[in-house]
Amino acid sequence: MFDVSRQNRKTWPQAIVFDLDGTLIDSAGDIARALNTAMSNRGFPPFEMAKVKEMIGGGIPKLIERAFLSHGLTRVDLMPVVADFIAAYSADPIAATTLYDGALPLLQRLHADGVKIALCTNKQQQISEDILRRLDIHHFFASIVGERDGLPRKPDPEPLLLALRELGVAPGQAVMVGDSGADSGTAKAAGVPLVLVSYGYTHTPVGELAPDAVIDHLDQLDATLAELAAKFPMAHKTHE
């Protein structure tokens, strides 16, 4: 079917940079499994899924830190627990993980339209790449920026700016799609228009995170991009 919203969008944006957890994939089940494995090794009871979703965001060390804080503990050596989490998670990172409805058709449409696609996540680089391969969507991404040594995590803008440099696209020619305050902070600091999904893991209402648009389903992104193209006329100008 001819999609008027895609036609109206024309050549902007040149790139879309996606967050991963809570945006493209529902991974809370596997994150909860790995977290509970790492914590049970220290004698702690398992967390329920709702609590795990509240703690997701900011990377694995931040997740572990929040888990200990929920037990009233602040002085803990996190790194052995992080190592246990990574070991448990890496063993089968998509046992309970699925693409959100609409994610695969969206990636296929963007790829067919010649839009460059990148990933910018606080999940560890190797695990992120493994998940994309196992879900058979790795080939859609021209840049994958995950947590790695020497690179700050979102909401610092550098991971997003690195992805854009690897794509060869200026901030004004891109859009970020995410689900959290970390994504909001990153996009705002980098000068990239931001679309937030309403179904992600953040417990803060996404409307309070100052996005340029909110969508309830990935099928709505095409029309939203057409609206943003009219909202950001300067984005159509060529950046040297």
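The values are calculated or read from the model by the stated rules, or taken from the named source; none is laboratory data. Keep in mind it's a predicted model, so treat the numbers as computed, not measured. Cβ atoms come from the backbone with ideal geometry, glycine included; neighbour counts cover every protein chain shown. Remember, those area values only see protein heavy atoms, side chains included, never the ligands or the DNA or RNA. Shrake-Rupley method; radii C 1.70, N 1.55, O 1.52, S 1.80 Å.
For the stretch 64-102, a residue qualifies if it is more than 21 Å from GLN126 (Cα to Cα), part of a helix (DSSP H, G or I) and open to solvent by less than 40 Å² (accessible area, probe 1.4 Å), and the qualifying residues are ALA67, PHE68.
All of (1) open to solvent by 50 Å² or more (accessible area, probe 1.4 Å); (2) in contact (Cβ under 8 Å) with a residue 60 or more places away in the chain hold for THR37 with one exception: (2).
How many residues are more than 21 Å from LEU228 (Cα to Cα) and acidic (Asp, Glu) when one looks only at the stretch 148-202? Result for the stretch 148-202: 4.
Residues that are assigned to a loop (DSSP other than H, G, I, E, B) and in contact (Cβ under 8 Å) with a residue 40 or more places away in the chain were ranked within the stretch 40-63; the one that is farthest from PRO155 (Cα to Cα) is ASN41.
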